[in-house]
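A.B. asks: This is the structure, below, for whatever I ask next.
What follows is calculated from the coordinates using simple rules that are stated; it is not laboratory data. All values derive from a computational prediction rather than experimental measurement. Ideal geometry is used to build each Cβ from the backbone, glycine not excepted, and the neighbour counts take in all protein chains shown.
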Ligand code: GDD
Ligand code: MN
């Protein structure tokens, strides 16, 4: 299979390399058309397929792509109802792609079409499985990231490096939205990629456990043309969970990790509030404690609702009813906690720290299982 970079169409003797470009879109109507026009020029070099994976954009992105596809056989639209997220869109596009090689890139103009050929050439010439377009490569250029985002990404990169196989230590951008890969090799891994959140590439590197032959090319990261970034706090949270999930050898369920982290913020809320009420408020401990416990449980509930269980997020009246159920569900184990810790102390080991830990673990498992089932109605 040949990659024709001298401007001629691929010759008949060596069939052209088939390349699938996967473009996830969410409200990119004004960015996608100019991008497609540039990408379609690649037909001069490769046997091209472009898959646009749209998550039911409200701005008519899918309708526009559908129109364009009438005149453009290389263009395919995958339209999904409900927003399942960036990583999930990438996975779906890659699993449907028919190319020898696939390239994933952002559709808002932040990734340059010129990087596509460069990535494919590197993949072919160096016989790699994966080529990452890096924003943090020594020769890269960042025009489209705020200082804060750049700093955040640099931290995230460090955490990512730490949690992944040492074989990937030399990489510089574990969260890039631009990468090229060989599909035959990647399909079994793609199936295993967990699609929570934004970070498809990080997950791919995690499930591959150091087995992929990878290299990076520098990107020139452009400012977004129209519209706004879809990265928000919930997506950053998902990423934190992904890192902890990798560090736990992917044994603990992600949702349980999220629930546990939220629970630890509840401990802080309770202790701080109790201090505040007794110290500044002059209220005695016995009266302050129940108040602080209920406040901590309420804060846990609200945070879990927007982070851990946001796919089943409760609103309006259901939010209030959910709170009552949550308080009920978590009050049982609070009592059990005390009983358990005492039983442990008396029968298993006269060690108050272990006794309390045993109580906390049982409460955690109960709270997680019971609230998943009864508050947010998930399995
Ligand atoms: N189908 C689908 N569904 N596409 C989505 C979704 C979604 O839920 N969310 C975002 N996208 C698409 C956008 O339309 C865009 O083409 C691309 O994914 C990137 O989204 P942006 O919202 O522009 O992300 P960003 O520029 O803030 O984030 C950049 O850096 C991240 C790492 O820090 C991108 O390069 C990301 O790909 C990268 O992971
Ligand atoms: Mn962007």
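A.B. asks: Quickly rank 24-32, 229-237 as a protection proxy: mean count of other C-beta atoms within 10 Å, highest first.
C.D. replies: 24-32, 229-237
A.B. asks: Could I ask something else about it? On a 0 to 90° scale, report how tilted helix 86-96 is relative to the longest principal axis of the chain, with both axes built from alpha carbons and the result rounded to the nearest 10.
C.D. replies: Helix 86-96 and the main axis of the chain meet at about 50 degrees.
A.B. asks: Okay, moving on. Full-extension gain between residue 33 and residue 166, please, as 0.36 nm times their residue separation minus the C-alpha to C-alpha distance.
C.D. replies: Fully extending the segment from residue 33 to residue 166 adds 43.8 nm.
A.B. asks: Shifting gears a bit: Of 256, 97, 37, which is the most mobile in a GNM of the chain whose springs link Cα atoms less than 10 angstrom apart?
C.D. replies: Comparing 256, 97, 37 in the GNM, the peak value goes to 37.
A.B. asks: Top mean-square fluctuation among 184, 173, 238, Gaussian network model of the chain, C-alpha springs under 10 Å?
C.D. replies: 184
A.B. asks: Extending each Cα 7 Å along its Cβ direction at residue 321 and residue 250, get the distance between those two points in nm, one decimal.
C.D. replies: 3.8 nm
A.B. asks: At q = 0.24 Å⁻¹, what is the base-10 log of I(q)/I(0) for segment 145-187 according to the Debye formula with one equal point scatterer per Cα and no solvent? Please give it to two decimals.
C.D. replies: -0.91
A.B. asks: May I pose another question? Could you calculate, for segment 215-280, the ratio of the Cα radius of gyration to the Kirkwood radius, expressed as Rg to Rh? Walk me through the intermediate numbers first.
C.D. replies: Numbers: Rg = 19.0 Å, Rh = 15.6 Å.
Answer for segment 215-280: 1.22.
A.B. asks: Rounding to the nearest 10 and keeping the result within 0 to 90°, find how far the Cα-based axis of helix 183-192 lies from the longest principal axis of the chain.
C.D. replies: Once rounded, one gets 10 degrees.
A.B. asks: Roughly how compact is the chain, stated as its Cα Rg over 2.2 N^0.38 Å to two decimals?
C.D. replies: After normalising by residue count via 2.2 N^0.38 Å, the value is 1.20.
A.B. asks: On alpha-carbon atoms, Rg over Rh for segment 100-162 using Kirkwood Rh?
C.D. replies: Working: Rg = 13.4 Å, Rh = 13.5 Å.
Answer for segment 100-162: 1.00.
A.B. asks: FRET efficiency for residue 328 and residue 268, Cβ-Cβ distance as r, R0 = 25 Å, nearest 0.05?
C.D. replies: For R0 = 25 Å, the calculated efficiency reads 0.60.
A.B. asks: Please work out the C-alpha center-to-center distance from segment 127-168 to segment 243-292 and express it in whole Å.
C.D. replies: Their Cα centres are 33 Å away from one another.
A.B. asks: Can you tell me the Rg and the Dmax, both Å, for the Cα atoms in segment 254-374?
C.D. replies: 15.4, 47
A.B. asks: Sticking with this one: Where does the chain land at 222 nm, in deg cm²/dmol rounded to the nearest 500, when only DSSP H runs of n ≥ 4 count, each adding -39500 (n - 2.57), divided by all residues?
C.D. replies: -16500 deg cm²/dmol
A.B. asks: Sticking with this one: Per 0.36 nm of contour for each residue apart, how much would the distance between residue 213 and residue 348 grow if the chain were fully extended, relative to their Cα-Cα spacing?
C.D. replies: 43.5 nm
A.B. asks: Relative to the longest principal axis of the C-alpha atoms of the chain, give the angle of the C-alpha long axis of helix 285-306, reported between 0 and 90° and rounded to the nearest 10°.
C.D. replies: Its long axis makes an angle of about 20 degrees.
A.B. asks: Something else about it: I want to verify a result. In a Gaussian network model of the chain, Cα cutoff 10 Å, which of these has the top mean-square fluctuation: 200, 259, 311?
C.D. replies: 311
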